[in-house]
Every structure is written in C-alpha cells, then in structure tokens.
C-alpha cells in the first residue's frame, strides 16, 4: 500500500474510534428489528481483523452438548461445500480478486482486505474429500475440477454436475464415485463477473430447476442501473429447456439459499448496503417470492428510502419487507436447513455462516448461528453453534465462517472457514 493509502487507512481508523462512541449497543435482529436512523458516513468505516488462523489445539467454541473437529485442513480459501449422495465432500476454493482501485478509499480497502486474507490470487478449483473409515476426518483428497473462474456453488442432478462460476453456470458429466471431472464442460448461463462475485446454486426439490444467487456490482448502484442489469437477484435455470430468467430481484447480495420443507419456500441470506451506520440496515434472512422485489438499491427493510440513490417511487412501493433481520454487516453468507434431530439442543431451523463485518466500528458476525423455525417461519432469537473466531480485542481473526451444510450422516454440520483454511465438523459431544 503506498503512502497516500496508508494515510487514508489511518484516517479511517480515527473515524472508527469516533463512530464507536455513538454506535448502537443492540443488534437489529428478528422479525421486527429496531433499526437506527441512517447516518451518512462520508468516509467509509474500514475495520477488519488481521487474519491469524488457528494454532495447534485451538478450535472454535461450541454450544453446550456439541464438539468440533477439523474434517479437512490445508485448503486455500475454502468457501462453499457440497455433499454428494455417496458421502464425498466437495469444497470450492476461490477468492476475491483485486480490481483496479478507483481512488484512495479503494486502495485502503484493498490493503485492509489483503491483510484479512479476503483478497488475493484465487485457487479456482474444487477439491474432493473422502472419509474412508467414517471417523469424521477425511483421509483422501483429490482435485475434482480446476482452472475455473472463481467457482462457488455446486449442484448434482441426474448425472450432471453444475458449477456456479462468477461468469456463469457450467455443466459437466458426472459418474458416481468419480474423483475428477473430465472434459471442458458446457456453459449454460452467462453472468457478469466482478463486484459481489459469489454464485451459489441450489436444486429445486423436484430437480427440474437450479437457482443461482448473483450479487450487485457496487454498493448502491454507484455506476448506474445499467451496470447492475442481471445482478442483485436470484436467477432460475430450467434444466429441461436450459433457459434462464430472473426469479427475484432487489437483493443486493443474496448468497446462501435453502428450502424450508413445511411451506416448500426458497429462503436466502442477503448482505445489505454500506455507509449508513453500524446497524443500518441489517443483513437479513428471507423467503423469496417468484417475481418479488426486495428494495435494493432504492430502499431497505420496510421501504425505508436510501436518499443517496436516484429514486423510483413505484419500485419502493412494490418492495417486500424481509422476514428476519440478522444484524448490521454480519456478512451472513452460508445457509442450510437443519432438520430436527441433527444436533442436540437445536431443533429445526436455519444454520447461517456469518463471515463477519469489515466496515463497522464494533465488529459483528464471525460465528455460526442457528435460527429456530416453527410452522415455516423463524420463531426465536439466533443462538451460536460455533463462536470464538474473533479475538476479544478484535485485532485478529482465527477464522471466518462461510458455507455450511448438513453432513452425509445427517447428524453433523460441515462449515467452511476461509481464514483457517479448514472444513469444521460439528456433532454431538
């Protein structure tokens, strides 16, 4: 980082201290969150812990009645997990790549992200891990697919393996038990790369469609709405016709998706906009309606207008209020449905990997949480499944939670940690 960027980062650090004095003490969480009035920050808050990783014997803190172990180690920025029917575990290893900085704030932000291991050279591969003896630790590692463009989401349907690269969805032939995909694959859908680059995938319960989360290019359509065309939405791919369409929009950065079995609805976690305060607006968990619009960039939560954005009154009027707030800037990325009986002490609900904030005066996220559900809806406050990823003084992170899924045994959760470079496995103690 050059001298001017260092100065910018120092100024940003001073702003963190000043903003902490007036920061809200309660998180905006739940179906009816208390969201502080927006305060335009001007100079963005830049605060992210230095990535340290885990020392020998140091592991995340579990909820009572649970234990955790490393299922797989020595990865390179593991982000997303897919468990195959035969029990093989696939891990997408990818990383945000730097674009040309547009100014001093961009330079400082990129330097901060490099220090936190959130920016760099991407591995661009998917690895396969096999637990041969069933002890909860993978003994075999294979390169399943490489030379992709920031692979993230994965899905298997009827002998076809789909990969969500940042620039589109690619399909490959798959043979059960294979440890490597053969052939170049075939591209089915084009996405615009850059910005929020992750492309999660989930198969519909009837296996006829795939849904893909595509995030925005910018914070609040800073480069105009034309640059955001086809972004900030969830796409639907019909597997029979191979035609794709936008399923829902106004979702700034919808990452993890999951099916709720009582209602059959699709749910997602969304990262909201920056620059309005520590808790404003909150990231959220919501069901997703076909054709639904969720506010971005014109408004947030219950049609609260963001006056930094040129307005569209009709769009604001049509915006759907999300179901459940998750707190400001928690960077809730991973999502999976947890059936009752998976983990002791936790009933049916959603597990959410909160990657953790980088732009608020007091850090948030950095944990794996569980939101209980009853009759198809969130029914209580979130509880920690795993914590302890952040040092008490917030200066270093040992890990950062990302993707989460239920293990092949139905009695465990697997969670990707892209700072610890580990896949953690959580089970009954």
Taking r as the C-beta separation of residue 318 and residue 37 and R0 as 30 Å, the FRET efficiency to the nearest 0.05 is 0.80
Between (i) 52; (ii) 28; (iii) 43, the structure-derived percent of Cα pairs over 33 Å apart is (ii)
Expressed in nanometres to one decimal, the distance between label points 7 Å along Cα→Cβ at residue 132 and residue 303 is 6.2
Between the alpha carbon centres of region 53-128 and region 354-389 the gap in Å comes to 18
Final fewest-first order of 300, 398 on the 10 Å Cβ neighbour count is 398, 300
Restricted to the chain, the DSSP antiparallel beta bridge percent, nearest 5, is 95
Note: residue 429 to residue 173 extended length (0.36 nm per residue) minus current alpha-carbon separation gives 88.2 nm
Expected sort for 58-71, 83-96 on mean C-beta neighbours within 10 Å, highest first, is 83-96, 58-71
Residues 133, 307, 283 in order from fewest to most other beta-carbon atoms within 10 Å are 133, 307, 283
Percent antiparallel among DSSP beta bridges confined to region 230-320, rounded to 5, stands at 95
Taking N as the residue count of region 154-275, its alpha carbon Rg divided by 2.2 N^0.38 Å gives 1.10
Comparing 382, 401, 392 in a Gaussian network model of the chain (Cα, 10 Å), the one with the largest mean-square fluctuation is 392
Taking only the alpha-carbon positions of region 21-149 as identical scatterers, the Debye log10 I(q)/I(0) at q = 0.19 Å⁻¹ comes out as -1.17
So the FRET efficiency between residue 50 and residue 241, C-beta based with R0 = 45 Å and rounded to 0.05, is 0.40
Expected max-MSF residue from 81, 304, 220 in the GNM of the chain (alpha carbon, under 10 Å) is 304
Restricting to Cα pairs under 8 Å and 6 or more apart, the percent relative contact order of the chain works out to 19
Helix-only [θ] at 222 nm, the chain, -39500 (n - 2.57) per DSSP H run of 4+, per residue, nearest 500, equals -2500 deg cm²/dmol
Relative contact order of region 354-399 (C-alpha contacts under 8 Å, at least 6 apart) in percent is 28
Here FRET efficiency (C-beta to C-beta, residue 396 to residue 223, R₀ 35 Å, nearest 0.05) is 0.55
Within the set 242, 272, 146, GNM on the chain using Cα springs under 10 Å gives the largest fluctuation to 242
Fewest-first ordering of 415, 48, 225, 154 by Cβ atoms within 10 Å yields 225, 48, 154, 415
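Each value in this text was obtained by applying a stated rule to the coordinates, not by laboratory testing. In this text the structure is predicted, and so the values were computed from the model without any measurement. With ideal geometry, Cβ positions are generated from the backbone for all residues, glycine too; neighbour counts draw on all protein chains shown.
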